[in-house]
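The values are calculated or read from the model by the stated rules, or taken from the named source; none is laboratory data. For clarity, every value in this text was computed on a predicted model and none was experimentally measured. Heads up, the Cβs are rebuilt from the backbone with ideal geometry, glycines too, and the neighbour counts pull from every protein chain shown.
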Amino acid sequence: MNTEVDFAVSLSPLIIYFVAILVITAVMLGGSFFLGQKHHTKAKDEPFESGIVPTGDVHLRVSVPFYRLAIFFVIFDMESVFLYAWSVALEKSGWSGFMEALVFISILLATLIYLVATGALDWRTRRQRVDRSRIHDKASQ
């Protein structure tokens, strides 16, 4: 019984904080809903970006290699965050932590080598690749 009371007492600041956040959020959203203006005009309902009225189609076609490269960047960027956290705790993790980080970095390097070898990081179109290979073939002859 005593441990349950101690547990509830130790969680009370977290519960109070959570309830306070919910109340503040509700007050802010409710206040903006009740105090905000309700009229709609054609100009108000039109999209507006950085002081420039948009013209033309809003849908922009972006090539698939761009998305692939962006995903690879996010993945490798997150891995660098993990390595930074490891470097901060290097002294505490000791040699076993160092070996684990070495394995982690090896996997990252193997992945990067694989991506380069398969051409996943190559932005060129097929035509540009063919033209480049023709230039290399002429230079080697």
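Quick look at the values:
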quantity	calculated
Candidate set from region 73-97 (those that are surrounded by fewer than 12 Cβ atoms within 10 Å (Cβ to Cβ) and among the aromatic types (Phe, Trp, Tyr)); member that is farthest from Ala120 (Cα to Cα)	Trp95
When residues of region 86-123 are limited to those that are over 25 Å from the mean Cα position of the chain (by Cα) and of a type in the set (D, E, K, R), the one modelled with the lowest pLDDT	Glu91
Residues of region 101-126 satisfying the condition of being in contact (Cβ under 8 Å) with a residue 12 or more places away in the chain and in a helix (DSSP H, G or I)	Ala101, Phe104, Ile105, Leu108, Leu112, Leu115
Residues of region 1-57 that turn out to be assigned to a helix (DSSP H, G or I) and modelled with pLDDT under 85, as a count	8
